[in-house]
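The values are calculated or read from the model by the stated rules, or taken from the named source; none is laboratory data. If you're wondering where the values come from, they're calculated on a predicted model, not measured in any experiment. Here the Cβ positions follow ideal geometry from the backbone for every residue, glycine too, while neighbour counts run over all protein chains shown.
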Amino acid sequence: MLVVEGGHPLKGSVTCSGSKNAFLPIAAASLLTTEPVTVRRVPDLADVRLILNILEGLGCSVDRDRSTSTVGIRAEELPLGEAGWEDVRRMRGSVYVLGPLLARTGSAKVSLPGGCVIGQRPIDIHLRGLQELGAKVEIDHGHVVASVPGGRLRGVHMFLGGSSGSSVGGTGNVMMAACLAEGETIIEGAACEPEIVDLGHFLIAMGAKIEGLGSPRICISGVEELGGCDYEIIPDRIEAGTYMIAGAMTGGAVRVEGCEPGHLSVLLARMHEAGVPLEIGSGFVETQPFDPRDPAQGLRATDVTTLPYPGFPTDLQAQWMALMTQAPGISVITEKIYPDRYMHMPELLRLGANLRRQNAGTAIVQGGEPLSGAPVTASDLRASAALVLAGLIAQDETEIHRVYHIDRGYERIEERLGGLGAVIRRESDPWQG
Ligand code: EPU
């Protein structure tokens, strides 16, 4: 568990890690070639270890150098085209191996992910897209069993959007598979997230022919084979945004270095609206010191609605709610990606926040009251981050239990926040076992 002692203003700089959600599909894309690939700026996270274990289980050789944040992957032979329940259960991103395995070997067996704590999270869009490329897909005893009659996928013009808009994972899976398909694939309704653009750039570095990245219409001309490459992934915009919100919550001067402010335009605009003074430059954002509780010049209640990129990211919704508990007045948070992604609410209530659910997907924050520390339980990665942020300003100590979630997406968070002046420590959890 993490124990956070609230009330210490933050000051200093923190350097952003590489993006988890870019690395996961990029690691899976290395299955598309027999040649070695090198990926740089790889974050040291539990989810990274999981995807690398899966790749090793499929027959890849993996060579990781933590001191340089570099990973080498070589998928020379792939004797076992299967990712089982044990892996997929732990991390839904494992499903990214489906498209590349299918395109490279002509068959794949991947356990079907169930729902998870943030919502239902089906993979029907992934499967529909692969079927449109000519794959035969069956669900058998909890597995997706896919094959390619005729041996090679065929390019096609498809609409890939779902009822909640574009799918990040669906776009990634289909884009990877289409790179080795015969002919041209056009994906309409594609995800525009920077992580998908980064995956596309990685594939291009491997020799793929892709146009339209970052737009809802991606065109891929299939090639016979892809080769190795050396690639550095983008900074993690969600990690960066979380540290910016940490600065804003405490009224501290927190400089987030090595980030890409252009990937966070909506967060920066909402922070500006909320009265957070910011300095934005090339590769950095710095929150400027201010008194968040000053009635005239402090935080202002500011509504957000989560939407696919470039809309407000669902992965920063919980952290934004933590911030808004300190903004006097009412702010409305509308979750359009995962309408039930509010497990942090009962825990923030335990700290004294004034919150309520309205209609499906909507939460109301009555902000401006001080929080007081208490034991709370983390339910998922971003909810855990929100509880740590709340702990930074709550009176006395906040104990965050089941904090293993946070290690999935934030590299050494206690060290980094500690480096900014937070008083935070990791302890063994007496509740466990
Ligand atoms: N959806 C479907 N069918 C599908 C796929 C998605 O209905 O086949 C729905 C989802 O239920 C959701 C919406 O479409 O309502 C968007 O889901 P998407 O496929 O875009 O999400 P994802 O690829 O499963 C990635 C990130 C998530 C992030 C979402 C949204 C990775 C590994 N995961 O998930 O990150 O919340 O995009 O931006 O990239 C996190 O890092 O904490 C995290 C949960």
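Inclusion of residue 318 among residues that are part of a strand (DSSP E or B) and of a type in the set (Gly, Ala, Ser) is not warranted. Is at least one residue of region 136-156 surrounded by 16 or more Cβ atoms within 10 Å (Cβ to Cβ) and within 27 Å of residue 336 (Cα to Cα)? No; the residues of region 136-156 include none that is surrounded by 16 or more Cβ atoms within 10 Å (Cβ to Cβ) and within 27 Å of residue 336 (Cα to Cα). Mind checking whether some residue in region 203-220 is away from the ligand (no atom under 14 Å from the Cβ), within 21 Å of the chain's Cα centre (by Cα), surrounded by 21 or more Cβ atoms within 10 Å (Cβ to Cβ) and in contact (Cβ under 8 Å) with a residue 24 or more places away in the chain? Yes, because at least one residue in region 203-220 is away from the ligand (no atom under 14 Å from the Cβ), within 21 Å of the chain's Cα centre (by Cα), surrounded by 21 or more Cβ atoms within 10 Å (Cβ to Cβ) and in contact (Cβ under 8 Å) with a residue 24 or more places away in the chain.
Among the residues of region 30-44, those identified as closer than 19 Å to residue 203 by Cβ and under 16 Å from the mean Cα position of the chain (by Cα) are 41, 42.
Among the residues of region 176-189, the ones that are within 16 Å of the ligand (Cβ to nearest atom), without any contact (Cβ under 8 Å) to a residue 60 or more places away in the chain and under 22 Å from residue 104 (Cα atoms) come to 1 in all.
Being among the polar types (S, T, N, Q), touching a strand residue (DSSP E or B) at 6+ places or on another chain (Cβ under 9 Å) and without any contact (Cβ under 8 Å) to a residue 24 or more places away in the chain is the filter here, so list the residues in region 119-149 that pass it. Selection gives 131 alone.
Here 62, 71, 97 are screened, and the one residue that is within 15 Å of the ligand (Cβ to nearest atom) and either of a type in the set (A, V, I, L, M) or in contact with a Ser or Thr (Cβ under 9 Å, 6 or more places away or on another chain) (or both) is 97.
The number of residues in region 27-38 being touching an Asp or Glu at 6+ places or on another chain (Cβ under 8 Å) and within 18 Å of residue 68 (Cα to Cα) comes to 2. Kindly evaluate residue 79 against the criterion of being more than 9 Å from the ligand (Cβ to nearest atom), part of a loop (DSSP other than H, G, I, E, B) and more than 18 Å from residue 177 (Cα to Cα). Judged against the criteria, residue 79 is a match. Of all residues in region 291-314, those that are over 29 Å from residue 168 (Cα atoms) and surrounded by fewer than 20 Cβ atoms within 10 Å (Cβ to Cβ) total 9. The conditions of being of a type outside the set (Asp, Glu), closer than 20 Å to residue 307 by Cβ, in contact (Cβ under 8 Å) with a residue 40 or more places away in the chain and away from the ligand (no atom under 16 Å from the Cβ) are met by residue 365. Among the residues of this structure, residue 388 counts as one that is assigned to a helix (DSSP H, G or I), surrounded by 24 or more Cβ atoms within 10 Å (Cβ to Cβ) and in contact with a helix residue (DSSP H, G or I) (Cβ under 9 Å, 6 or more places away or on another chain). Residue pairs whose Cβ atoms lie under 8 Å apart, sitting 6 or more positions apart in sequence or on different chains, and linking a residue in region 2-29 that is closer than 17 Å to residue 201 by Cβ to a partner that is away from the ligand (no atom under 13 Å from the Cβ) and acidic (Asp, Glu), are 18/232.
Please find, among 376, 365, 332, the residue that is closer than 17 Å to residue 300 by Cα, in contact with a Leu (Cβ under 8 Å, 6 or more places away or on another chain), in a strand (DSSP E or B) and at pLDDT 95 or above. The unique qualifying residue is 365. When region 115-169 is filtered for residues that are at pLDDT below 95, over 26 Å from residue 381 (Cα atoms) and within 9 Å of the ligand (Cβ to nearest atom), nothing remains.
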